[in-house]
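Student: This is the structure I want to talk about, given as structure tokens.
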């Protein structure tokens, strides 16, 4: 029997995508901050990391309010974006364009 796919299911599935994405980003940002050549760019990645930590906390609160476990669902879109950032990091390491590439990715 096919399960009911209502608005709540759609909402929870969207939360799972967001949670997965924020957790993946949270793991990547320290690496980007360390790789940045400019102090300003590194500080911007660090600021983004702190904001992302708060986003993860908020999402966990939403899951809790819904009585659902805070679990992510693989999101190929964020995986692709982060993979592109890793490629930029490898290809431009030490190059003057590295910071611009990291910010763009």
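Derivation of every value follows stated rules applied to the coordinates shown; laboratory data play no part. If you're wondering where the values come from, they're calculated on a predicted model, not measured in any experiment. Cβ sites come from the backbone with ideal geometry, for glycine too, and all protein chains shown count toward neighbours.
Student: Provide the gained length on full extension for the span residue 9 to residue 34, in nm with one decimal, where the gain is 0.36 nm per separating residue minus the Cα-Cα distance. Don't jump to the answer; show the numbers that get you there.
Tutor: Working: separation 25, 0.36 × 25 = 9.00 nm, distance 3.88 nm.
Length gained, residue 9 through residue 34: 5.1 nm.
Student: In degrees, nearest 10, range 0 to 90: what is the angle between the Cα axis of helix 39-66 and the longest Cα principal axis of the chain?
Tutor: Long axis of 39-66 versus the principal axis of the chain: about 10 degrees.
Student: Given labels modelled 7 Å from the Cα in the Cβ direction, how far is it in nm from residue 57 to residue 81?
Tutor: Distance between the two pseudo-spin positions: 2.2 nm.
Student: Restricting to DSSP H runs of at least four residues, report the calculated mean residue ellipticity at 222 nm for the chain, -39500 (n - 2.57) per run over all residues, nearest 500 deg cm²/dmol.
Tutor: Taken over the chain, the calculation gives -26500 deg cm²/dmol.
Student: Between helix 76-92 and the chain, what is the angle of the helix's C-alpha long axis to the longest principal axis, kept within 0 to 90° and rounded to the nearest 10?
Tutor: Relative to the chain, helix 76-92 is tipped by roughly 10 degrees.
Student: Between the helical axis of 7-35 and the dominant principal axis of the chain, each derived from Cα atoms, what acute angle in degrees is found, rounded to the nearest 10?
Tutor: Tilt of helix 7-35: around 20 degrees.
Student: Tell me the label only: which of (1) 99; (2) 150; (3) 119 is volume of the Cα convex hull per residue in Å³ as calculated from this structure?
Tutor: (1)
Student: Residue 27 versus residue 68, label points 7 Å from Cα toward the beta carbon: distance in nm?
Tutor: Between residue 27 and residue 68, the label points sit 2.1 nm apart.
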